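Only the coordinates and a few stated rules stand behind these numbers; no lab work does. Keep in mind the model is a prediction, meaning the values are calculated, not measured. Counting neighbours? That spans all protein chains shown, and the Cβs are built from the backbone with ideal geometry, glycine included.
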Amino acid sequence: MTGSVRVAAVGDLHCTKGSLGAFQTLFSRIGESADVLVLCGDLTDRGLADEARVLAKELQAVKMPKIAVLGNHDFESDAAADVVEILAHAEVTILDGTAVELSGVGFAGVKGFAGGFGERALQAWGEEPIKTFVRAAVDEALKLESALARLRTLGRVVLLHYAPVLDTVDGEPREIYPFLGSSRLEEPLNRYAASVVFHGHAHRGQPEGKTAGGVPVYNVALPLLQRLYPDRSPFRVVEIPAQSTAPAPPPVTASREPTQ
Ligand SMILES: [Fe+2]
Ligand SMILES: [Fe+2]
């Protein structure tokens, strides 16, 4: 397989029961510009099955492969399994520590979690609720690592909801930085040489950043793109080389707990 695949990315659609028709302009522009659509979580506003049904109807207009991860809003009503099932019937592949290959490009996805960035990230120390919170972030990073390890494509696209780096949350109130993402997600991106990372969740962050290893990171939260680029369609397209076989990634030699 040679050539390239145009990947359109957007997150934080926050679809409500009243959103029928609201995404048709967006989806039709995506249809003209891309080969694959990736959705970076907060697909629904309250995590309701009825909201997912509206989004499923809206997505009927998108005649290309559709890949998504869930966001925190999709868990609000304890109906995430229903949201996944409804969207699966609408031919949306929901990734959760899993990976798929399409037209010679690999896609790995996980929701991610919070906890903060760099040396100031929350550590698993002290009370049990703190340890449980940090364990959730570590588990998401391990799921991302195992998804990336399965891919044998040269091009590796990563979908997240939470941010893996500080760059793309800059601009948000500093008090909520630790709730917008986790550096624990960054280490697998560098080790497995992701081609590009898309995330959402930080509605008031920055659109572009990169990991310490130079992997481009794009915040594609719809409200952010609408505010920054009022004259453009609010999604990002990245062209990824299509190649089905690549050298196996390096073996996992570090400890199973990702470092900061
Ligand atoms: Fe959101
Ligand atoms: Fe979110």
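In region 96-229, Cα pairs under 8 Å separated by at least six residues give a relative contact order of 26 percent.
What's the FRET efficiency of Asp170 with Ala124 using the Cβ-Cβ distance as r and R₀ = 45 Å, to the nearest 0.05? Once the sixth-power term is evaluated, E becomes 0.95. Per-peptide packing, taken as the mean over residues of other Cβ atoms within 10 Å, places 15-22, 198-205, 150-157, 29-36 in the sequence 198-205, 150-157, 29-36, 15-22 from highest down.
Footprinting exposure proxy ranking of Asp74, Asp139, fewest other C-beta atoms within 10 angstrom first, gives Asp139, Asp74. Charges on Cβ only, +1 for Lys and Arg, -1 for Asp and Glu, centred on the Cα centroid of the chain; of Pro234, His201, Ala114, which one is farthest towards the dipole's positive end? My answer, from the dipole projection, is Pro234.
Convex hull of alpha carbon positions in region 4-241: directionally averaged projected area 12.1 nm². Bridging of Lys210 to lysines at a Cα separation below 29 Å is possible for Lys66, Lys111, Lys131, Lys143, once same-chain residues fewer than 8 apart are set aside.
Rounded to the nearest 5, the antiparallel percentage of DSSP beta bridges internal to the chain is 35%.
The calculated FRET efficiency for the pair Arg135 and Gln24, based on their C-beta separation and a Förster distance of 51 Å, comes to about 0.80. Sorted ascending by nearby beta carbons within 10 Å, beginning with the fewest, Phe235, Phe75 become Phe75, Phe235. In the chain, Cα pairs under 8 Å separated by at least six residues give a relative contact order of 23 percent.
For Glu76 and Arg152, a Förster radius of 30 Å and the Cβ-Cβ distance give a FRET efficiency of 0.25, rounded to the nearest 0.05. Extension gain, Asp50 to Glu91: 0.36 nm times the residue separation minus the Cα-Cα distance gives 13.1 nm.
Taking other Cβ atoms within 10 Å as a rough exposure proxy, Leu160, Leu142, Leu37, Leu13 sort from fewest to most as Leu142, Leu37, Leu13, Leu160.
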